[in-house]
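Structure, as structure tokens:
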Amino acid sequence: MAANKQKWPGNLVIVRHGESVKNVEKARVDQFDSNKLRLDITERDMDIALSEKGEWQAIVAGKALAKRPRFDVVFVSPYIRCRQTADLMIEQLGYAPRVVVEERLREKEFGVIDNLTRKGIEKFHPDEWERRNRDGKYYYRPSGGESYPDVGMRVHSFLSTLTRDYRGKNVLIVCHSVVVKMFRKLLERMEEKDVLAMDLVEDVKNASVTSYSYDKKGDRLGLKEFNRVFY
């Protein structure tokens, strides 16, 4: 295929945000307060910031990415933890790529179960708990929230933007764990069972790098690395 007919970016790098204060609270509750019903989080999900550790993780990731080909553009979720991660990484690059805030990369929306623990969902929304157990993690859509496929539809729309406007470019994306999984689902043509199998192996780590490069022979983006951390 001729170079000017290339459909995909040359390189696509996807980074999950660094550790957030909500990540810290979830870990604390899981380890020390398993009977708690709600997380001690008062901010809107989109306003939750990085922890000090998360800031350090973003800086380390940025230093590693500075050794790679220059990025033409950085797409970032509008959520504060992602914007902070992107800013800290860009400071390490030694140059200033264009930054685009992209709402289609936002976190999965959790609706009525946001900030509730498992015990909290069982207590306050038993019907939701029963429906989640019936539908499974992949297809369950909480009231007022989204399922994995809902997020996938946003990512699918975003990929259309990449193939239209960023052919042959080097693209960096800063987003959330479920969004990373949906990029893999779409780019690698996974099914529900494949995504759930990925979840069973390991969750997407904070400030981890997942990257693809253009495979000219196959005219597609080929996975180079998944969930790689540099700290």
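With respect to the conditions (1) in contact with a His (Cβ under 7 Å, 6 or more places away or on another chain); (2) over 21 Å from residue 181 (Cα atoms); (3) of a type in the set (A, V, I, L, M, F, W, C), residue 82 lacks only one, and its number is (2). Condition (residue is outside any helix (DSSP H, G or I), closer than 23 Å to residue 73 by Cα and of a type in the set (A, V, I, L, M)) applied to the stretch 165-172: is it met by at least one residue? There is at least one residue in the stretch 165-172 that is outside any helix (DSSP H, G or I), closer than 23 Å to residue 73 by Cα and of a type in the set (A, V, I, L, M). Residues that are surrounded by fewer than 19 Cβ atoms within 10 Å (Cβ to Cβ), in contact with a Phe, Trp or Tyr (Cβ under 9 Å, 6 or more places away or on another chain) and among the basic types (Lys, Arg) within the stretch 158-192 comprise 167, 169, listed in sequence order.
Taking residue 92 as the residue in question, decide whether it is surrounded by fewer than 17 Cβ atoms within 10 Å (Cβ to Cβ) and in a helix (DSSP H, G or I). Taking the combined requirement at face value, the residue satisfies it. Within the stretch 30-56, if we keep just the residues that are modelled with pLDDT of 95 or more and assigned to a helix (DSSP H, G or I), the residue that is surrounded by the most Cβ atoms within 10 Å (Cβ to Cβ) turns out to be 54. In the stretch 191-213, what residues are of a type in the set (Val, Ile, Thr) and more than 15 Å from residue 13 (Cβ to Cβ)? Result: 195, 201. Inspect all residues belonging to the stretch 99-110 and state whether any of them is surrounded by 16 or more Cβ atoms within 10 Å (Cβ to Cβ), under 15 Å from residue 169 (Cα atoms) and not aliphatic (A, V, I, L, M). Within the stretch 99-110, none of the residues are surrounded by 16 or more Cβ atoms within 10 Å (Cβ to Cβ), under 15 Å from residue 169 (Cα atoms) and not aliphatic (A, V, I, L, M).
Against the numbered list (1) buried (at least 19 other Cβ atoms within 10 Å of the Cβ); (2) within 14 Å of the chain's Cα centre (by Cα); (3) not hydrophobic (A, V, I, L, M, F, W, C), residue 212 comes up short only at (2). In the stretch 179-203, the residues that are not in a helix (DSSP H, G or I) form Cβ pairs under 7 Å with partners that are not β-branched (Val, Ile, Thr), at six or more places apart or across chains, as follows: 188/223; 190/184; 202/227; 203/177. For residue 61, the requirement of being within 18 Å of residue 106 (Cα to Cα), surrounded by 15 or more Cβ atoms within 10 Å (Cβ to Cβ), among the small types (Gly, Ala, Ser) and at pLDDT 95 or above is not met.
The values are calculated or read from the model by the stated rules, or taken from the named source; none is laboratory data. In this text the structure is predicted, and so the values were computed from the model without any measurement. So basically every Cβ, Gly included, is an ideal-geometry build from the backbone, and we count neighbours across all protein chains shown.
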